[in-house]
Amino acid sequence: MVMTEHEHEQGRADNRILYLDCGNSRCKYSMGERSGAWQDLEKALSAIDQWQPDLVLIATVSAFGANLLSALEASGRHPVRQMAVENGLYDIRISYPDPSLYGIDRWLTLVATRGWQENVVVVDAGTALTIDALDSTGHHLGGYILPGLTLMRRALVNDTFALPEVNSSQRMTPGHSTADAIANGAVLALGAAVSASVVQFGLDPYRLVWTGGDASLLAAQPLLAGELRKDLVIDGMKILYKDAAYMESLG
């Protein structure tokens, strides 16, 4: 298939857009063939100055992301736009009474999957684990937010006397040491939560989609198999970048 000149130009333009997905633990970036994550603000700003993107698009739910956005806006060296929820876009109807309070990261995962026109359950396994469902008509059925694996384990270790650091197994099977029992208990709890949420949503059939830093670990557990989409938030951002009306709405 031969690409048109317009498609070539669009491809070149896409390679100059820096997409930032700033969560609570790290800020993931994607620009052309570059991808990775930052946890240090100065390193992020230095890299952005070196790369000279034509536009920075940022979705943030964290203090790091807010600080990065403020620094980019203050410098004025790079055009920057912050992603915002637009209820009703692509017929995605958020179930919150005030859709502006719905997390931008969660909304972007729905944007990324909306084109499938199917019932979808999206699990974003990061610092927090979020579970959301979207039916084939675009109706958001609500969701759940739980502590992620690291938070769950840390809470037990930090708040209980003389428990070991948890850095061992990560399976649903019973643990044969205290460290394994803690580690595997967190996996079991989150896996059970995902399984129970599917029952509560009542979608049949449905596609289970995993994203986030712990997605590959949890999706590999028995009974939790689904599609692994490493950068679903950024996938949603890339869709919206091509939507001229939405981009105009960002100012």
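Here is a yes/no grid of residues against (1) loosely packed, with under 14 Cβ neighbours inside 10 Å; (2) within 16 Å of the chain's Cα centre (by Cα); (3) assigned by TED's automatic domain parsing to the domain that holds residue 73:
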position	(1), (2), (3)
209	no, yes, no
212	no, yes, no
215	no, yes, no
221	no, no, no
224	no, no, no
243	no, no, no
247	no, no, no
251	yes, no, no
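Against the condition outside any loop (DSSP other than H, G, I, E, B), assigned by TED's automatic domain parsing to the domain that holds residue 130, of a type outside the set (Phe, Trp, Tyr) and closer than 30 Å to residue 157 by Cα, how does residue 189 come out, does it pass? In short, yes. Here 84, 74 are screened, and the one residue that is assigned to a loop (DSSP other than H, G, I, E, B), within 22 Å of residue 22 (Cβ to Cβ) and at pLDDT 95 or above is 84.
A single entry from 35, 30 fulfils the requirement of being within 26 Å of residue 110 (Cα to Cα), in contact with an Asp or Glu (Cβ under 7 Å, 6 or more places away or on another chain), assigned to a strand (DSSP E or B) and at pLDDT 95 or above: 30. When 150, 137 are screened for being polar (S, T, N, Q), outside any helix (DSSP H, G or I) and more than 14 Å from the chain's Cα centre (by Cα), only 137 passes. Based on this model, can you work out whether residue 85 counts as closer than 27 Å to residue 133 by Cβ, within 19 Å of the chain's Cα centre (by Cα) and free of Cβ contacts under 8 Å to residues at least 24 places away in the same chain? Against the criterion (closer than 27 Å to residue 133 by Cβ, within 19 Å of the chain's Cα centre (by Cα) and free of Cβ contacts under 8 Å to residues at least 24 places away in the same chain), residue 85 qualifies. Applying the criterion of being surrounded by 20 or more Cβ atoms within 10 Å (Cβ to Cβ) and among the β-branched types (Val, Ile, Thr) to the residues of the stretch 48-68, the residue that is nearest to residue 102 (Cα to Cα) is 60. Considering the stretch 43-65, the residues that are of a type in the set (Gly, Ala, Ser), touching a residue at least 24 places away in the same chain (Cβ under 8 Å) and part of a helix (DSSP H, G or I) include one that is nearest to residue 27 (Cα to Cα), namely 65.
Restricting the first member to the stretch 106-123 and to residues that are touching a residue at least 60 places away in the same chain (Cβ under 8 Å), and the second to residues that are part of a loop (DSSP other than H, G, I, E, B), the beta-carbon pairs closer than 6 Å and six or more apart or on different chains are 107/85; 110/92; 118/136; 119/135; 119/136; 119/203; 119/206; 121/206. Is it the case that some residue within the stretch 144-157 is modelled with pLDDT of 95 or more, of a type outside the set (A, V, I, L, M, F, W, C) and crowded, with 22+ Cβ neighbours inside 10 Å? Scanning the stretch 144-157, I find no residue that is modelled with pLDDT of 95 or more, of a type outside the set (A, V, I, L, M, F, W, C) and crowded, with 22+ Cβ neighbours inside 10 Å, so the answer is no. Quick check, is residue 45 assigned by TED's automatic domain parsing to the domain that holds residue 17, surrounded by 15 or more Cβ atoms within 10 Å (Cβ to Cβ) and touching a Leu at 6+ places or on another chain (Cβ under 7 Å)? No; evaluated as a whole, the condition is false for this residue.
Here the condition is being touching a residue at least 60 places away in the same chain (Cβ under 8 Å) and not basic (Lys, Arg); of 180, 235, it holds for 235 alone.
The values are calculated or read from the model by the stated rules, or taken from the named source; none is laboratory data. Not measured: the values here are computed from a predicted model. Backbone-built Cβ (ideal geometry, glycine too); neighbour counts: all protein chains shown.
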